[in-house]
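Below is one structure, written out as structure tokens, with a few remarks after it.
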Amino acid sequence: MKVKLFIAIALLTQFVAASVGTSAVADQASNIVRWNGKAAMTHINLLLRWTPRSIGTVGHADTVEYITQQLSSSPGVTIERQEWIGSRGDGATLHLINVIGRFHPERRRRIILATHFDSIVSAYKDPDSRLRADPMPGANNSASGVAVLLETLHSLRRWIDGTVGVDFVFLDGEEGPYSLGEGDPKWYPLGSPHFADKLQSLYPTQLPEVAIVYDMVCKKDLRLYPEALSIQSGGGEFRRLWDIGKKTAPGVFKDGPTIGPIGDDQMALAAKGIPSILVIDFDYSPWFNTTKDTADKCSITSLEAVGRTTVLYILNKAASGSSESGR
Ligand SMILES: [Zn+2]
């Protein structure tokens, strides 16, 4: 194990050196190896205790509290909350909240890392019809994205000499007004369009250089393929992320075939002109939105592949010195 870890650190150090030059290479490599898949799994296991985490449930409030507590214990982070009341066709009111952890808010150049934290309200897709009203644990669909963001923040906490700030955006209501996601024929996301409408107040001088959205990123044998809208919107940033991913985790990041377009939170951000990338393994059959979307389907290795690629990408962006959408 030690030998393997040493080799991994050496390779990562070499790669960071190639990416960002020689200054503070050791520090930067430690940011990457500090990304801890076991810690990410701990986040997932904690979140599952509050299932369901869908709009209006106690678990939803507990999840918001947990995210807020994690952000507030992170140095250099300012918290912003967007709270609003939504409605749906049957007259029900929806209490919605996006939680944003702004890491180094004073920096003008910014990267958005986003995920949704709400879960599906019930396991509507379970093959056993008797279980379809049961809670949907959502280890992969939605806890995995939350875990990736929280552990990425943790691994960056000692990174202070960069030029780029990162906004960790925990979006509400991605599963739609009925919290049924794909199970609702009239599905639309709630949190990301609200966030996109408020861009001016969060980014008064310049838009973020990129937004990366994570969803369903923990399963064993994770395979990430380019998503159609992400290629189009992400442009050069998509290429940069994928090239780093292929070097860091060649078994996980793949060049093709292209998937989608997949309707997720990247849509609203792409529509505002931010290069936006969805990182998702949508091939989650037979567990997708069933009672079997549990933590045992997740892999520490998969989480680390996504997390360490993300940290390398951020360091690479910070070293690039300028905004390049590549479009
Ligand atoms: Zn999802």
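Computed from the coordinates by the stated procedures, all read-outs in this text should not be read as laboratory data. What you see is a predicted model, and the numbers here were worked out from it, not measured in a lab. Counting neighbours? That spans all protein chains shown, and the Cβs are built from the backbone with ideal geometry, glycine included.
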All other residues with a Cβ under 12 Å from the Cβ of Arg81 taken together, and with Lys, Arg as +1 and Asp, Glu as -1, what is their net charge? -2
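Under DSSP H, which helices of the chain have Cα atoms covering 20 Å or more of the helix axis and a Kyte-Doolittle average no less than 0.0? Let's see the in-between values first.
Numbers: long enough: 2-20 (26 Å, 1.74); 58-72 (21 Å, -0.17); 228-248 (23 Å, -0.52); 300-320 (29 Å, 0.64).
Those that pass (Cα extent of 20 Å or more, hydropathy at least 0.0) are 2-20, 300-320.
May I ask for the net charge around Asn36, where only other residues with Cβ less than 15 Å from the Cβ of Asn36 are counted and Lys, Arg are +1 while Asp, Glu are -1? Can you show the working numbers first?
Working: positive: Arg34, Lys38, Arg157, Arg158, Arg308; negative: Glu151, Glu304.
Every neighbour counted, the sum reads +3.
Could you tell me whether region 141-274 comes out rounded, prolate or oblate from its Cα gyration tensor? Rule is a ≥ b ≥ c as square roots of the eigenvalues, rounded for a/c under 1.5, then prolate if a/b exceeds b/c, otherwise oblate.
rounded
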Residue by residue through region 196-205, what is 3J(HN,Hα) from phi via Karplus (6.51 cos²θ - 1.76 cosθ + 1.60, θ = phi - 60°)? Round to whole Hz and write x for glycine and proline. 5, 5, 9, 4, 4, 6, 7, 10, x, 9
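At 0.692 mPa s and 37 °C, plugging the Kirkwood radius over alpha-carbon pairs of region 25-320 into Stokes-Einstein gives what diffusion coefficient in µm²/s?
Working: Rh = 18.8 Å.
Result for D is 175 µm²/s.
Express in % the proportion of alpha carbon pairs of region 105-169 at distances exceeding 13 Å.
Summing the P(r) tail past 13 Å for region 105-169 gives 70 percent.
Which FRET efficiency, nearest 0.05, do Leu46 and Thr163 yield, Cβ-Cβ r, R0 22 Å?
Details: r = 33 Å, r/R0 = 1.52.
The value I calculate is 0.10.
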Partner lysines whose C-alpha sits under 24 Å from that of Lys219, ignoring same-chain residues fewer than 8 away, are Lys4, Lys38, Lys125, Lys246, Lys247, Lys254, Lys292, Lys297
For the chain, what is the mean residue ellipticity at 222 nm derived from helices alone (per DSSP H run of n ≥ 4: -39500 (n - 2.57); sum divided by total residues; nearest 500 deg cm²/dmol)? -12000 deg cm²/dmol
